[in-house]
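First comes the structure, then the notes that go with it.
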Amino acid sequence: MELITDGIIVPLKPDVFRGAHSSTVDDRVREQLERYIVSFNDPTDPVAPNFFVEAKGRRGTNDVALHQASLDGAVGTRAVQSLTSFGKEAVLYDGKAYCISNTFDGEFLRIFSHHPAGSCEIWW
């Protein structure tokens with residue numbers, strides 16, 4: 001999957017992720033959207049992942065998990081949105097959550113929903 005950053009952040013490696021089985025995506029769609037929907041490490045992994053878990057042990061920091069979960073969610077949302085908008089004239093922004101990410105630090109489970117949003121003007 002293509003990263004959403006400028007490459008200074010390490011590639012995503014979520015602890016757990018789920019998505020669609022690759023056989024459920026038409027070959028033509030998969031070929032055209034490959035850089036957005038094909039998984040992180042192995043082409044046999046699920047495509048268009050939309051559920052992520054980032055877990056940290058006692059020595060892991062929650063800040064790192066939150067950052068990782070945010071990036072996971074952004075990439076997953078872009079994957080699902082690219083499928084939803086495939087073949088349409090404009091990118092679809094329907095206000096729905098396309099992805100869920102979670103962090104667990106041994107004590108707290110945090111759950112986040114990720115919604116696509118159109119680009120916005122910087123007003124400051």
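Where a number appears in this text, it was derived from the coordinates with a stated rule and is not lab data. A quick note: this is a predicted structure, and the numbers were derived from the prediction, not measured. Using ideal geometry, Cβ is built from the backbone for each residue, glycine included, and neighbour counts are taken over all protein chains shown.
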**Message:** Condition (residue is of a type outside the set (A, V, I, L, M, F, W, C), over 17 Å from Pro11 (Cα atoms) and exposed (fewer than 14 other Cβ atoms within 10 Å of the Cβ)) applied to the stretch 68-81: is it met by at least one residue?
**Reply:** no
**Fill in**
Note on the stretch 52-82: residues of a type in the set (A, V, I, L, M), touching a Cys at 6+ places or on another chain (Cβ under 9 Å) and in contact (Cβ under 8 Å) with a residue 40 or more places away in the chain are Ala74, Val75, Ala79
**Message:** Among (1) under 13 Å from Pro14 (Cβ atoms); (2) buried (at least 18 other Cβ atoms within 10 Å of the Cβ), there is one condition Val47 misses while meeting the rest; what is its number?
**Reply:** (1)
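Restricting the search to the stretch 51-64, which residues are surrounded by 22 or more Cβ atoms within 10 Å (Cβ to Cβ) and either of a type outside the set (Asp, Glu) or more than 18 Å from Gly19 (Cα to Cα) (or both)?
Listed by number, the list holds a single entry, Phe52.
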